[in-house]
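One structure is given below, encoded as structure tokens.
The values are calculated or read from the model by the stated rules, or taken from the named source; none is laboratory data. Being a predicted model, the structure only gives us computed values, none of them experimental. Backbone-built Cβ (ideal geometry, glycine too); neighbour counts: all protein chains shown. Only protein heavy atoms, including side chains, enter the accessible area calculation; ligands, DNA and RNA are left aside. Shrake-Rupley method; radii C 1.70, N 1.55, O 1.52, S 1.80 Å.
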Amino acid sequence: MEEGASSPQSPAEGDGSPGDPLCSPVERQWLREARGFVRQALLRGGPSEEREANSSSAAAAAAAAAAATTTTWRHLSRALRRCRGTQELPLGYRLVSLLELQSQQHHPCCSHLTWSSEEFQKSACESKSLFPDQRILQRAHLILVGYLTERKEDRLTDGSLYIRDNTGTLPCELLHFKLEWLENLLLFPSWTYIPPKGQNRDGYLEILADPIQVMPGPEKRIDIPPVLDPEQAAKLLSARAQCKKVAELNVAGELCRLSTVLSIHHKVFFFLFLKCSHSEACVPILVQSPQLAWHRVLQLGHSYVLTALKISCLKASGLRVFVPSSSSHLLTYCMEHVTEQYLDSTPEGSSVLPASPVVCTPPNSSLEVGERDKILVPVRRSKVVSYAGTITQILNVQAGLYELDNRFTLCLAYQQQLNSGRGLRPGACVELRDVHLLQKPLAAFPFVLGACLRTTLVLKSFSKCSILHQPATSCGNLYIQLLLRYNLTLPLYLCLVSLLEMLEKRFCCFVQRQQLFLCSSHSTAGAAEKFIVPILNSLVPSKKQVRDIHWEILAEKHHCPLEQYQILNPPCQIPPFSLLFTMAEKRCLESFSPLHQMSSAPEIQHIGAQELNRRLAWSYSVLSAESFQPPIMLLGILRASSRSGFLQLRDSTKALSCIIFHRDGRPFADVSLLGYLLQIERFQLVMEQFLQSDFPSWQELKTQEYIKEKKSRLYAQFFVEDVKILHSEKRAPEVPKAREESCSVVKDNGSSTAEPRSPEGNLTNIERAEAASNTPEPPKSSAADGRCVCRLFLATQKEGLMWRNYPQASEGRSKGGQEPQLCFQVTVLWMDKPEQCKNVGEAMVQKELSAFALGEASKAQPEILLLFLGKSLRWFPFLHPGGLYQLIIPQCSELDVFDKLCLPMGSGNLSMMKSQSLFLPVPDAGYLHYVSWISQLVSEASEMEEKLFSITEILSPSFTRSLVSFSGVIAERTLCESLTGKKPVAACSAKQLKGNRLPWDYSVKLSILPACGSSAGLDVYVEATFLPYLSGMLPGAKILFHNMQRKISRLKNVYCTYMASSCLRVLSPPPPDSSSRPFDGTSNLSAVYLSHILLQPHSLCQVQVTCHLTCVLTLSLRWSCSLCDSILKEGTCIQLNPPCLSHTGVIKASARILVEDGTGEAVVLCRNHQVRDVLCLSPKDWDVVQKHVWRKGCVSIQHNDGSIGPRCMEPPDDLLTLYLRSLCRSPIVCRSLVLAARLDRKPPEAGPRQIRRFFSHETEFLSQMRNQLNLICLSIQTAT
């Protein structure tokens, strides 16, 4: 009292009463709030709790609380004074509770009670210079006070530390820790609060400076008893006889190794190893609760004393270790206060083994011979090093991957992060002891630091960057679950992480991450596990070694999954669809470039400029998964595009068009797969290239300046049986649940569409519009939500996608006039009356329809034309003739909705149909559900199905129908001039011009062969206007054509054309062996006699004949101008009107040869490179002949067979003519041949029959012969 009277007290020194006359109004207000904080946030958890509980009355309790508040505040004010070094109150700061900190602070912040503004600015500038791209922590003027504890509420201790007050608990991380801080009230002068990244998670506190004890307790002094050094303790540990005699002992030594805190089978523990100072022996000590806080005190290289240790044997491994007892203490080693104890001599008969773990010997760098022979891939050994660095990036917190110093990848997955990775943020400095260094275990990871169970990770400093906390979870962590299940090496684990990261990045905008990464140990396997497990099964040996945690830590020689590794080549790659286009284009240029293929083709030297540029206008390449190294795999969400009418596989980057088949040839109609995440390993990638060029000749093909425009189209082809469903989201059905078809695809029951949560952030504007158009919009109706009306129909005829003129009858569309719209139409029969159901899912029940019901329905109901345009274009890939479907109108309860939607028949395209009286525009919100095929339900349904004709029937002269449907295999695909002439571009809309990749004056000629192996062929012509919406027309593909127009040319040849009411469907893709080369229609030709061709010419298109060359009837060699096709003589075109200035020419050769096989004879026309084969000239001799012809421009030789009339022989002008004339008569040319040929469809000229002269001995006979058979050579070989 006297001391207080002589020296006035500051507010911080006094009792802190708001009525203190020494306090200003601001100080009194601050003191009032501080005392209220102490009473509300600190007392209940403080030492006065017991006194409050024992109070006998409310008044006594209030008095006790007031006294406890005054006492606590007095100690707290003294702690504040010691911390700040001043007597003034920290009026710029306020006390904050943990609940308030968590609820109101959503951004990282820091508080430095002892720092000035200049010190904080200096620290912020230093951090900004190190991490210029990161925000610096904001400073908050808050005072943090709380109790430091090991427990959070009623949970067991796991080695973590918490700060607790009456409002809540927060985990914390400290750089330095003392055991006497536990359960004491502490003032934290410098700290950082890091909120969590995401909801339903806790943030944590980083304690930057040592806390100050508010109420320091009495110092505990423990007398150090006699101790054993680790060498003596190791002998005792290995001698079984003495182990039973020793109850407790004390061990002192240097801490040489400290494991991480582990939690196995709900037991939390860690190992520490004490090393002897004068030997290399060390002993293991297993520490469990309640001594887990020791782990934060222990420092490598320091010496400690552990008292009251017991010897225990681990059940799993049988190893003996020391374990602390309930009375054990951890003390700092001091030589002056330690007395060493020595064991008695070892009794006879007891075997003394070496110390359990000896860490002085480095790992052996050589493999055993037997093990080395088993390994085919070179095995590397990692280096055990120590490293200190700064975390520069969090690569994947759940996978335990961080980046150090922008150079090293730190992998902590082989340790357990029980503290959820707190403190490991970019900018934090860490020190690693005994960490494994691996060089390039995977191509994407040059240097990796792998932390095993023997690695010690020490946090040296916290980050000053404002980055939220990403907690690493162990429960349900798919990365860690698979790592432990397969005991993966580091290269395999990094490969696993890369693949799962790819999956998350591409599809988390469509599928929730929680469902994507579901673990089978907690629920059904998610998409990620379904995807990665087969890959791991193919990479990991079936007899994989089980990881022994105890042996890994305690064994004398270090063995862990990081000790040795093999450089791993990725087993597969899953490029994003935005990159797949570039990869496929690059691969095609390397192997299947059309320019390179054309330049290496034998007939290229004989093609003019116009034909050359036409052949280059449309080319294709077929790639498989094995065309890339490593092989690629397709992953995507199946969608139906409402812009193009194609099926698409979509990821977050782009969409890839696709065509899906059934192996049995059935059309793909499974609407239920829409929205599913699919995985395809066997597929074909088709790259179609469209070139607009003006190459003058083949010699300039390598010059890129002649290419005016280049476009490409990429799409995939695969069988539905090769599809693996990774995810099918179960939710309330806004779209129907489809019936499972009988195929090898296994899918879960549930809705068929999984709309993306927020894909707009990763897609382009066009793709966002596409995603929006794929989402059904509910129609405007007053009906209750969930009601829908459905009706069953049978599709009888389908027309292809094209631009058609229809009246703008829909609401919201412009009135007046007609505008071309992309659409398709289907002729259907209603099979029942409209039905109402409660929701869309109820409309999915498949109906059992009898033959009688179907027949009566087809007779009673008129045909309706369903018109699909706008968003309903997405149903184009699923609608096929002969299929039963349900048309569902959601959010509707009116049964006459189908009658209201029907419009009267208009003009234009509708008048071309048979006898429909109504057409129905399908609403955008309408949904299509596939039920079954009519042929599967009714055996008498042949009358309802479309009639398919064979190619032989169509080629028959007696065939009279004009519209035909047939199927066949494309033998050849070529571009030719349009059959209708050039179409004016002005008549086409801008959208049509944008979609077309070929000039309007082109047509595609498809040579179709029957799939049954017959050689009868049919030509099909498709105009360029239809091509943008047709895909899969590749040589070798099987195609089904609907409603093709049959025509007969002036030369009496039969062909078909694709028209507006036609449609085609690809039944199967080209065979895999034809993916790298054009389909060769001559590979499976049947061998016939020439007389058989004469008897049945209409049924044979391409044949193979073994015959003898009798003579060469005509031979013509000429140099033609590549531009105007006139004769080119010595590099000058002879055309004068108008003059042609071209100096580029091509050699053209033709020969008509007479062949016979004993049953008949034929004249075969050979062209260009085939002439060289006929004359048996080597490439060098052929070049010499071409040079001689170049001087003359043209050489023609005509031979008479000598059978009739006078001989018409050209006089030999020079040596070239004489040489060729002699060559044509030589036995080298007149030889046995194997010809692949086709009929010349140009009919023979009408005239008198040919007179042939025959000799028998000396008798001469003259006979009339019918006209000879004309063939066109496809290939020629010498018969062996």
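When region 278-336 is filtered for residues that are closer than 30 Å to Y162 by Cα, charged (D, E, K, R) and under 52 Å from the mean Cα position of the chain (by Cα), only R296 remains. Does V1171 satisfy being in a helix (DSSP H, G or I) and under 28 Å from R1241 (Cα atoms)? Yes: the conditions hold for V1171. Checking E729, E681, E734 one by one, the residue that is acidic (D, E) and modelled with pLDDT of 90 or more is E681 and no other. For region 1123-1132, the criterion of being surrounded by fewer than 19 Cβ atoms within 10 Å (Cβ to Cβ), under 53 Å from the mean Cα position of the chain (by Cα) and of a type in the set (S, T, Y) is satisfied by no residue at all. Among the residues of region 435-455, those identified as assigned to a strand (DSSP E or B) and open to solvent by less than 60 Å² (accessible area, probe 1.4 Å) are V435, H436, L437, L438, P441, L442, F445, V448, L449, G450. Regarding L91, is this residue at pLDDT 85 or above, more than 21 Å from D210 (Cα to Cα) and either out of contact with any helix residue (DSSP H, G or I) (no Cβ under 7 Å at 6 or more places or on another chain) or surrounded by 17 or more Cβ atoms within 10 Å (Cβ to Cβ) (or both)? No; evaluated as a whole, the condition is false for this residue.
The single condition among (1) in contact with a Ser or Thr (Cβ under 8 Å, 6 or more places away or on another chain); (2) in contact (Cβ under 8 Å) with a residue 60 or more places away in the chain that L518 does not meet is (2). All told, S326 meets the bar of being at pLDDT 80 or above, open to solvent by 60 Å² or more (accessible area, probe 1.4 Å) and in a loop (DSSP other than H, G, I, E, B).
When the residues of region 457-476 are narrowed to those that are under 19 Å from T260 (Cα atoms) and modelled with pLDDT under 90, which ends up most open to solvent (accessible area, probe 1.4 Å)? Break it down stepwise before answering.
Let us first name the residues in region 457-476 that are under 19 Å from T260 (Cα atoms), namely 457-461, 471-475.
Of the ones still in play, those that are also modelled with pLDDT under 90 are 471-475.
Values: P471: 15, A472: 11, T473: 61, S474: 86, C475: 102 Å².
Top of the filtered list is C475.
Contact map, region 1044-1061: first residue touching a residue at least 40 places away in the same chain (Cβ under 8 Å) and of a type in the set (V, I, T), second residue assigned to a strand (DSSP E or B) and exposed (fewer than 13 other Cβ atoms within 10 Å of the Cβ), Cβ cut-off under 6 Å, separation 6 or more or different chains; pairs are V1054/I1048.
The rows are residues; the columns are (1) in a strand (DSSP E or B); (2) over 15 Å from E972 (Cα atoms); (3) small (G, A, S).
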{"position": "L998", "(1), (2), (3)": "no, yes, no"}
{"position": "I1008", "(1), (2), (3)": "yes, no, no"}
{"position": "A1011", "(1), (2), (3)": "no, no, yes"}
{"position": "P1028", "(1), (2), (3)": "no, yes, no"}
{"position": "G1032", "(1), (2), (3)": "no, no, yes"}
{"position": "F1041", "(1), (2), (3)": "yes, yes, no"}
{"position": "Y1055", "(1), (2), (3)": "yes, no, no"}
{"position": "A1060", "(1), (2), (3)": "no, yes, yes"}
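Pick out, from region 890-979, the helices (runs of 4 or more DSSP H) lying fully within it that include 1 or more residues that are modelled with pLDDT of 65 or more and closer than 30 Å to R1238 by Cβ. Let's see the steps before the verdict.
Numbers: elements: 897-901, 934-937, 951-955.
By residue number, 951-955.
Among the residues making up region 282-315, a single one is closer than 22 Å to S386 by Cβ, open to solvent by less than 20 Å² (accessible area, probe 1.4 Å) and modelled with pLDDT under 90: C282.
Would you say T1110 is modelled with pLDDT of 85 or more, surrounded by fewer than 15 Cβ atoms within 10 Å (Cβ to Cβ) and not basic (K, R)? It would help to see each step written out before you state the result.
Working: modelled with pLDDT of 85 or more: yes; surrounded by fewer than 15 Cβ atoms within 10 Å (Cβ to Cβ): yes; not basic (K, R): yes.
Yes: the conditions hold for T1110.
Within region 1229-1244, the only residue that satisfies the criterion of being open to solvent by 70 Å² or more (accessible area, probe 1.4 Å) and either closer than 15 Å to C1107 by Cα or not in a loop (DSSP other than H, G, I, E, B) (or both) is R1238. Restricting Y204, Y147, Y162 to residues that are among the aromatic types (F, W, Y), under 22 Å from P426 (Cα atoms) and surrounded by 16 or more Cβ atoms within 10 Å (Cβ to Cβ) narrows the list to Y204.
What about R682, is it assigned to a loop (DSSP other than H, G, I, E, B) and within 30 Å of L589 (Cβ to Cβ)?
Values: assigned to a loop (DSSP other than H, G, I, E, B): yes; within 30 Å of L589 (Cβ to Cβ): yes.
Criteria met by R682.
Being open to solvent by 30 Å² or more (accessible area, probe 1.4 Å) and modelled with pLDDT of 90 or more holds for only one residue in R1050, R1077, R1065, and it is R1065. When you check S77 against the structure, is it closer than 18 Å to T192 by Cβ, among the hydroxyl-bearing types (S, T, Y) and open to solvent by less than 80 Å² (accessible area, probe 1.4 Å), yes or no? When the stated conditions are applied, S77 does not pass them. Considering only residues in region 362-396 that are β-branched (V, I, T) and either over 19 Å from P441 (Cα atoms) or modelled with pLDDT of 90 or more (or both), the one that is surrounded by the fewest Cβ atoms within 10 Å (Cβ to Cβ) turns out to be V369. Among the residues of region 556-567, those that are out of contact with any strand residue (DSSP E or B) (no Cβ under 6 Å at 6 or more places or on another chain) and buried (at least 17 other Cβ atoms within 10 Å of the Cβ) comprise H558, C560, P561, E563. Pairs only if they're at least six apart or on different chains, beta carbon under 7 angstrom, first in region 63-74 and within 11 Å of L43 (Cα to Cα) and free of Cβ contacts under 8 Å to residues at least 60 places away in the same chain, second crowded, with 20+ Cβ neighbours inside 10 Å and hydrophobic (A, V, I, L, M, F, W, C); list them, first residue then second. Within 7 Å, the pairs are A65/L43; A68/L43; T69/V38; T69/L43; W73/A34; W73/V38.
Residues of region 682-730 that are in contact with a Pro (Cβ under 8 Å, 6 or more places away or on another chain) and of a type in the set (S, T, N, Q): Q684, Q689, Q692, Q717.
Return yes or no: is H106 open to solvent by 20 Å² or more (accessible area, probe 1.4 Å), part of a loop (DSSP other than H, G, I, E, B) and of a type outside the set (A, V, I, L, M, F, W, C)?
On the way: open to solvent by 20 Å² or more (accessible area, probe 1.4 Å): yes; part of a loop (DSSP other than H, G, I, E, B): yes; of a type outside the set (A, V, I, L, M, F, W, C): yes.
So H106 passes the test.
Would you pick out the residues in region 122-159 that are assigned to a loop (DSSP other than H, G, I, E, B) and over 23 Å from S466 (Cα atoms)? Show your work before the answer.
In the first step, residues of region 122-159 are kept if they are assigned to a loop (DSSP other than H, G, I, E, B); the result is 131-135, 137, 140-141, 150-159.
Answer for region 122-159, where residues must be assigned to a loop (DSSP other than H, G, I, E, B) and over 23 Å from S466 (Cα atoms): E150, R151, K152, E153, D154, R155, L156, T157, D158, G159.
Scoring G14 on the criteria (1) surrounded by 16 or more Cβ atoms within 10 Å (Cβ to Cβ); (2) modelled with pLDDT of 85 or more leaves a single failure, condition (2).
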